[in-house]
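**Q** Right, I'll just put the structure down here and ask away after.
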Amino acid sequence: MISNKKLLIFIFFMTKSVFAELVIDVQGVSQPTPIAIVPFGFQVNSSIVPLDISSVIKSDLLRSGRFLPIDVSDMLQKPTDGADIYFDDWTVLGVEAVVIGKLIQGRQSDAYILQFQLFDTFRRKQLIGFRMPATSSTLRAAAHRAADMIYEELTGIKGVFGTRVAYVTAKKQLDGLLYSLIVSDQDGENDNVLMESKNPIMSPAWSPDSRQLAYVSFEGSKSSIFVQTLRSGNRFQVSNKPGVNGAPAFSPDGRKLVITLGGINGNLDIYVLDIVSRRTKRITTHRAIDTEGTWSPDGQYIYFMSDRSGGPQIYRVLAEGGSPERVTFEGSYNARPRLSPDGTRIAMVHNDSGKYRIAVMNLDRKDLLVLSSGRQDESPSFAPNSDILIYATRQGGDGVLETVSSDGLIRQKMASGQGDVREPVWSPFPIF
Amino acid sequence: MSYHKMFVILLFSTFLAGCSSSIPVPDPEPTNTTYGGSNDNTNVYNEADTFGTSSDGIIGGEYIGEAAEVLENVIYFDFDSSEVPAENQELISRHAGHLSLNSFRNVRLEGHADEQGSREYNIGLGERRAQAVRQMLMIQGVDVSQIQTVSFGEERPESMGDSEDDYAQNRRVEIKYMN
């Protein structure tokens, strides 16, 4: 049905979000499934529609690259109840799945019921029928949850539309750069500044319960590591040793951070920091640069980057310590390892004939797949379903964010109007 | 830097040559505010605060030998290298001379990398460059307590572009006098 190998779709959102102009540049050989998201009905007291729910679901599914929602103007009917569906009206358009629904007023003025149904038009049956309570402040999250359920039903892959992304921006000001640490929904909406500084902010990392972020701040013109709780805004400094304090990443149990310390003589090595006791344990001892540590999801290993062989390569060491073992051998530059949450693959910055690109290596087969096409791509981070990665690339002199499916087939650029955007990190699944 | 230059000009303009066998006078203390305290560059002093109200102290004076503030304070490095280029070794020796003759003075060596590659590795590369300069200063008699290093990696580029010329401007160590 859709046979063109490259789709270019532009969406313009009227929002102030960082991805205010979201340019979706879907590339690859995937054939997105034609789907219809019918405008939702509104049975609410207010004359103002609290949220255009079908638009949120539609843009989620569109951005996944696996679905191609048809235009509303092409729809032959716009039902809001399952009983009103004529499957022939959809199969004639080649539409394989239809989403309909409505928002119903609850008893309180700010209480709603979001109802949606998903139909397979060729099999002429309902796949999901679901309703959930919401308020005006949770409606967007409810719409993302509906999109997650639809996505999982149709693809077999858990959706990530309800997750968030943290990133750093650097904006030019008269007296230098202003650095901001920002958390937004994965679609760029609901962006909140957690921290701002005239000194650099680096290396945000999510806690496994997605309630805290660790990061590096250069306030006072010296690097130190902070852990900040998102909801309260409270933060505490967990490492402020002489020299480099860098590259924090939480252990799977959330109790420890793997960090990099340089000391007064500037010899960067990997340490494990117990967050409560603040005790550190040295994991590597080598005169080369050892940094960018990250835990394997089972907590058994710490993967890190070292230039002990002459150039940067990825190694792993038992989390309790031991002798490191080299993991990457292909190419002269492999850095910033991040494991997929399912533990099967490792993403990295890989120098591919002079260009720094994002690559993924299967840990069993050891085959390296280059996923990005830029010149200065960096900071890969897996979505919690292990199926998508987000990373930073350059466009017109600024950093922008891009996502790519882990098979490399679907790639999307998120254009930004907010200066230089870098170091995206995808949150874990929220814990309810 | 311009602050330091202004300070030096001020010193020269107020100093009467040969009027005394002068003892080096420490800088008035707030010079380090240019670099920001823990408040992220929000402390800003003007010259009147610093110089104009000092009625009970001795103002003026100059360093015997070379004043460090007139020296170039940025050293550039080759790609993927932390070796101080030969043409910069004399410059570092002159800073070392000033520091070893004025052991109360402290410097911060700020190491930087270009934007290529991953950010935390670039922190390591910037630190390596700062340490290379630190070693040269120490070999030439500067005390370990006079030097601190910080690496900003690729986070504070001098030149914002994506060309090799821009990158070359960003692979550097800045020698900053803290007092």
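Residues checked against (1) part of a strand (DSSP E or B); (2) touching a strand residue (DSSP E or B) at 6+ places or on another chain (Cβ under 9 Å); (3) open to solvent by 50 Å² or more (accessible area, probe 1.4 Å):
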{"site": "A:Asp364", "(1), (2), (3)": "no, no, yes"}
{"site": "A:Leu369", "(1), (2), (3)": "yes, yes, yes"}
{"site": "A:Ser373", "(1), (2), (3)": "no, yes, yes"}
{"site": "A:Ser381", "(1), (2), (3)": "yes, yes, no"}
{"site": "A:Tyr391", "(1), (2), (3)": "yes, yes, no"}
{"site": "A:Arg394", "(1), (2), (3)": "yes, yes, yes"}
{"site": "A:Gly399", "(1), (2), (3)": "yes, yes, no"}
{"site": "A:Thr403", "(1), (2), (3)": "yes, yes, no"}
{"site": "A:Gly408", "(1), (2), (3)": "no, yes, no"}
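Conditions (1) open to solvent by 10 Å² or more (accessible area, probe 1.4 Å); (2) within 9 Å of chain A (Cβ to nearest Cβ); (3) assigned to a loop (DSSP other than H, G, I, E, B), marked per residue:
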| residue | (1), (2), (3) |
| --- | --- |
| B:Glu110 | no, yes, no |
| B:Glu115 | yes, yes, yes |
| B:Ile123 | no, yes, no |
| B:Arg129 | no, no, no |
| B:Arg134 | no, yes, no |
| B:Leu137 | no, no, no |
| B:Thr149 | yes, yes, no |
| B:Phe152 | no, yes, no |
| B:Arg156 | yes, yes, yes |
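**Q** Residue pairs, Cβ under 8 Å, 6 or more apart or interchain, first in the stretch A:79-90 and without any contact (Cβ under 8 Å) to a residue 60 or more places away in the chain, second charged (D, E, K, R). List them.
**A** A:Thr80/A:Lys102; A:Asp81/A:Lys102; A:Phe87/A:Arg124
**Q** Do we find that A:Glu189 is more than 24 Å from B:Thr149 (Cβ to Cβ), within 10 Å of chain B (Cβ to nearest Cβ), touching a Phe, Trp or Tyr at 6+ places or on another chain (Cβ under 9 Å) and acidic (Asp, Glu) in this structure?
**A** Details: more than 24 Å from B:Thr149 (Cβ to Cβ): yes; within 10 Å of chain B (Cβ to nearest Cβ): no; touching a Phe, Trp or Tyr at 6+ places or on another chain (Cβ under 9 Å): yes; acidic (Asp, Glu): yes.
Answer is no for this residue.
**Q** Give B:Phe104, B:Phe79 a once-over and let me know the one that is in a loop (DSSP other than H, G, I, E, B), open to solvent by 10 Å² or more (accessible area, probe 1.4 Å), of a type in the set (A, V, I, L, M, F, W, C) and more than 14 Å from chain A (Cβ to nearest Cβ). Working first, answer last.
**A** Working: B:Phe79 fails: more than 14 Å from chain A (Cβ to nearest Cβ).
Going through B:Phe104, B:Phe79 in turn, just one is in a loop (DSSP other than H, G, I, E, B), open to solvent by 10 Å² or more (accessible area, probe 1.4 Å), of a type in the set (A, V, I, L, M, F, W, C) and more than 14 Å from chain A (Cβ to nearest Cβ): B:Phe104.
**Q** Scan the stretch B:158-179 residue by residue and report those that are surrounded by 22 or more Cβ atoms within 10 Å (Cβ to Cβ) and part of a helix (DSSP H, G or I).
**A** Within the stretch B:158-179, just B:Asn170 meets the criteria.
**Q** Determine which single condition B:Ala96 fails, assuming it passes every other condition in (1) outside any helix (DSSP H, G or I); (2) open to solvent by less than 10 Å² (accessible area, probe 1.4 Å).
**A** (1)
**Q** Collect the residues in the stretch A:314-329 that are more than 18 Å from A:Thr344 (Cβ to Cβ) and assigned to a loop (DSSP other than H, G, I, E, B), keeping them in residue-number order.
**A** Residues satisfying the conditions are A:Ala319, A:Glu320, A:Gly321, A:Gly322, A:Ser323, A:Pro324, A:Phe329.
**Q** Residues to consider are B:Gln146, B:Gln116, B:Gln135, B:Gln131; find the one that is of a type outside the set (D, E, K, R), at pLDDT below 95 and in the same structural domain as B:Glu164 (by TED's automatic domain parsing). Working first, answer last.
**A** On the way: B:Gln146 fails: at pLDDT below 95; B:Gln135 fails: at pLDDT below 95; B:Gln131 fails: at pLDDT below 95.
On inspection, the qualifying residue turns out to be B:Gln116.
Per-residue answers, yes or no, for (1) away from chain B (no Cβ under 14 Å); (2) in contact with a Gly (Cβ under 7 Å, 6 or more places away or on another chain); (3) open to solvent by 30 Å² or more (accessible area, probe 1.4 Å):
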residue: A:Ala143; (1), (2), (3): yes, no, no
residue: A:Leu154; (1), (2), (3): yes, no, yes
residue: A:Phe161; (1), (2), (3): yes, no, no
residue: A:Val168; (1), (2), (3): no, no, no
residue: A:Ser180; (1), (2), (3): no, no, no
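**Q** For the stretch B:161-176, check the following and say yes or no: at least one residue is touching a Leu at 6+ places or on another chain (Cβ under 9 Å), of a type outside the set (A, V, I, L, M, F, W, C) and within 14 Å of chain A (Cβ to nearest Cβ).
**A** yes
The values are calculated or read from the model by the stated rules, or taken from the named source; none is laboratory data. On a predicted model such as this, the values are computed, not experimentally measured, just so you know. Backbone-built Cβ (ideal geometry, glycine too); neighbour counts: all protein chains shown. These area figures cover heavy atoms from the full protein model, side chains too; ligands, DNA and RNA do not enter into them. Shrake-Rupley method; radii C 1.70, N 1.55, O 1.52, S 1.80 Å.
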